[in-house]
Amino acid sequence: MTNPEFKFSRDWAAARFSCGIDVHKRQLAVTIFTRDTAGLEFKKHNVFRNDQAGLEDLWRFAAKYHPTGFAMEATGVYHHALADFLAARQRDCGWVFEVVVANPADTRGVPGRQKYDRVDAETIARLHASGVLKSGTLVVPALEDLKAIFRVAARLEVDRTALKNRVKKTLDRAGIRPAGLNLNAEWARAFLYYLTDFPGTLGDALAKCLEDGGALPEHLAKLAKNAGAFGPYAGVALSPTQGALVRQDLVELEFKTSRKALLAVQVDIMLVTQPGLRQVAQHLASIPGISPFSAAWLLAELGPVARYPSARAFLSYCGCCPRLVKSDEKVFSAHVTRRSNKHVRTIFYLAAMVVCNLVKEESALKEYARRVVARKGPKHRKLALMTVAAKIARVVFGILQSPAPFSPDLARPRDTSQGAPVNRFTVADRKALRRAKNCLARAGEILTGKELAADMQRISVALDATLHRKD
């Protein structure tokens, strides 16, 4: 019997290698892993820098094994450069492999085992080799850029609100409380900035602006229209310290307002260069309550619609469904789930508020919102808004699946029974019917052998069929 010399390139040539990568801000822990039919394992570890030179070194290290997949967990934004690098290599590498960006919850190590970078990389490689690791959110560079812009804009809006509140608080300390002062208006910011440098009272500053050839000629009409709001405080003057505080806050507010305007221009530029994205955004903006700004933000946050297997999964990601609490055979609905995208949840909730309170045009969605608000009553206003938000989310999911503008006629329920009313049960009705069905089924079991048992079981089955029938 001959014992040929072992050669890795020949003896492990048929093996299917997996590459697990633990991503950090500055380094990448990499493990090449495979297992043969006899259960023997091969593992190779290395560490690379998370920069362009390190990515090239990683590729030279892993390409020798022709791995069937590169798996990593989503780590903030630090995995984006690696995922883009591997996606570019897929086109000209000479073999087929997949890039898996997994949810961190799916890549947790074995409890009780020591956990560090090398173990994490090996765990990810093992899970990929076993075929149990599925890809999570796909990294789409255009959508990631758009998402980053909108999130920065949202942060700027929070900062702008804080600055406006600080300005109003300083004015309150000075005794100036004009009703309806809107610091989003350019004339209001310009007048307050002029007031911070004016040596006299508020009334003198306003008179100086209203005279011919005044200090603010471009805002003369607005100042004249709103002069009555400042009348009760005409004799109040800002102290030097109060003027300095208001002036600094107004300068910063103007800066952040300009930054937000520049981000809006950048969004328009991106939509112009992405015609398909712009078309879908226009379709979403046709839904009552969804503005063009919100439509583009939704597309950036939601990503490709193919990642959602069903409408229920879509609603769960959007946070527009209740959290279920189950014990034995009892299922309870709790508050809306917080394990969702907070930005998408907020957009849909605000859209529901617009539909319920501000939209005047009649549509099937407006009619639905009116019915829900009336049924829930004033004590359950937020619950009614979340119900309407879930309805808007379903409409968005339908438009993303088959791109077309919102059509009130398609959204309106159709009568399929030729004049007969269609039975539609509310949530409360369904709960009552389900409770009655369970009680009858239990009573039938208790009265087994008695005359009423069969009737109770038959009614319970009929109620169950009614509840599961799709009208």
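The values are calculated or read from the model by the stated rules, or taken from the named source; none is laboratory data. This structure is a prediction, so every number in the text was calculated from the model and none was measured. Note: ideal-geometry Cβ built from the backbone for every residue, glycine included; neighbour counts use all protein chains shown.
Couple of notes before you dig in:
- Residue-level check: of (1) among the aliphatic types (A, V, I, L, M); (2) more than 25 Å from residue 154 (Cα to Cα); (3) modelled with pLDDT of 90 or more, residue 216 misses just (3).
- Selected residue (criterion: surrounded by the most Cβ atoms within 10 Å (Cβ to Cβ)) from residues of region 63-108 that are of a type in the set (Gly, Ala, Ser) and in contact (Cβ under 8 Å) with a residue 60 or more places away in the chain: 71
- Residue identified as under 15 Å from residue 247 (Cα atoms) and either out of contact with any helix residue (DSSP H, G or I) (no Cβ under 8 Å at 6 or more places or on another chain) or modelled with pLDDT under 95 (or both) among 161, 196: 196
- Near pairs, Cβ below 7 angstrom, 6+ apart or cross-chain, from region 174-190 (more than 16 Å from residue 203 (Cα to Cα)) to any residue that is assigned to a loop (DSSP other than H, G, I, E, B) and not charged (D, E, K, R): 189/183
- Residue match in region 408-421 (condition: at pLDDT 85 or above and either assigned by TED's automatic domain parsing to the domain that holds residue 290 or touching a Ser or Thr at 6+ places or on another chain (Cβ under 7 Å) (or both)): no
- Restricting region 171-199 to residues that are polar (S, T, N, Q) and surrounded by fewer than 18 Cβ atoms within 10 Å (Cβ to Cβ) leaves a set whose member that is farthest from residue 272 (Cα to Cα) is 182.
- Close pairs (7 angstrom Cβ cut-off, 6 or more residues apart or separate chains): assigned by TED's automatic domain parsing to the domain that holds residue 16 and assigned to a helix (DSSP H, G or I) in region 113-135, modelled with pLDDT under 80 and of a type in the set (A, V, I, L, M, F, W, C) anywhere: 127/133
- Selection count where residues are among the polar types (S, T, N, Q) and farther than 26 Å from residue 362 by Cα, scope region 264-314: 4
- Elements of type strands (runs of 3 or more DSSP E) contained in region 1-108, each with 1 or more residues being farther than 17 Å from residue 128 by Cβ and modelled with pLDDT of 90 or more: 27-35, 41-49
- Selection within region 46-60 - in contact (Cβ under 8 Å) with a residue 24 or more places away in the chain and closer than 11 Å to residue 21 by Cβ: 47, 50, 55, 58
- Any hit, region 134-145, residues being of a type in the set (Asp, Glu) and within 26 Å of residue 264 (Cβ to Cβ): yes
- Region 217-238, residues that are over 12 Å from residue 176 (Cα atoms) and surrounded by fewer than 18 Cβ atoms within 10 Å (Cβ to Cβ): 217, 218, 220, 221, 222, 224, 225, 227, 228
- Evaluation of residue 284 against (1) surrounded by 14 or more Cβ atoms within 10 Å (Cβ to Cβ); (2) within 29 Å of residue 134 (Cα to Cα) (one fails), failing number: (2)
- Out of 102, 63, 53, sole residue that is under 23 Å from residue 140 (Cβ atoms) and of a type in the set (A, V, I, L, M): 102
- Qualifying residue in region 306-320 (condition: of a type in the set (Phe, Trp, Tyr) and buried (at least 20 other Cβ atoms within 10 Å of the Cβ)): yes
- Residue check, residue 371 surrounded by fewer than 17 Cβ atoms within 10 Å (Cβ to Cβ), assigned to a helix (DSSP H, G or I) and touching a residue at least 12 places away in the same chain (Cβ under 8 Å): no
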